[in-house]
Amino acid sequence: QVQVVESGGGLVQPGGSLRLSCVPSGRFFTIRAMGWYRQAPGKQRELVAGFTSFSGGDTKYAATVKGRFTISKDNAKNTMYLQMNSLKPEDTGVYYCNAEVEFEWGKNNYWGQGTQVTVSS
């Protein structure tokens, strides 16, 4: 059983910063990819940023967050971070972490429960 746990959400004023963390736990061989997604009220879930190759470090960002958000990782801790700067009200939403992990028999991906980010004055 693999669980993905996010942390670090909260309420912040426009222009402020937050850092989210995500770590999958359980028994698996390796992490293939990890990504942050967000879902605003009434909208579909969308990719914010992610590692298309967790070991290689290849990244992908949504155009709306480029230059403001940065993802990083700690391979030893299997942890991914999302540093969010210059936050805007439109960044408000539930942020979900997705981890694609590999087992001896194949691969599967898992979602966290989500963490709320609210940008408001």
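Some notes on this structure:
- Subset of segment 1-46 [of a type in the set (Lys, Arg), more than 22 Å from residue 85 (Cα to Cα) and surrounded by 13 or more Cβ atoms within 10 Å (Cβ to Cβ)]: 32
- Among residues of segment 104-121 that are within 16 Å of residue 54 (Cβ to Cβ), those with a beta-carbon under 7 Å from a residue that is open to solvent by less than 90 Å² (accessible area, probe 1.4 Å) and among the small types (Gly, Ala, Ser) at least six positions away or on a different chain give the pairs 109/99; 110/99.
- Scanning segment 78-87 turns up no residue that is open to solvent by 90 Å² or more (accessible area, probe 1.4 Å) and more than 14 Å from the chain's Cα centre (by Cα).
- Of the residues making up segment 47-60, those that are modelled with pLDDT of 95 or more and either open to solvent by less than 30 Å² (accessible area, probe 1.4 Å) or under 11 Å from the mean Cα position of the chain (by Cα) (or both) number 5.
- The lone exception for residue 32 - which of (1) closer than 16 Å to residue 100 by Cβ; (2) modelled with pLDDT of 95 or more; (3) touching a Gly at 6+ places or on another chain (Cβ under 9 Å) it fails: (3)
- Residue in segment 7-18 that is more than 12 Å from the chain's Cα centre (by Cα), touching a residue at least 40 places away in the same chain (Cβ under 8 Å) and on the phi > 0 side of the Ramachandran plot present: yes
- Residue match in segment 89-112 (condition: more than 14 Å from residue 12 (Cα to Cα), surrounded by 13 or more Cβ atoms within 10 Å (Cβ to Cβ) and acidic (Asp, Glu)): yes
The values are calculated or read from the model by the stated rules, or taken from the named source; none is laboratory data. Only a predicted model underlies this, so the values are computations on that prediction, with no experimental measurement involved. We place every Cβ from the backbone using ideal geometry, glycine too, and count neighbours over all the protein chains shown. Ligands, DNA and RNA are excluded from the accessible area calculation, which covers all protein heavy atoms including side chains. Shrake-Rupley method; radii C 1.70, N 1.55, O 1.52, S 1.80 Å.
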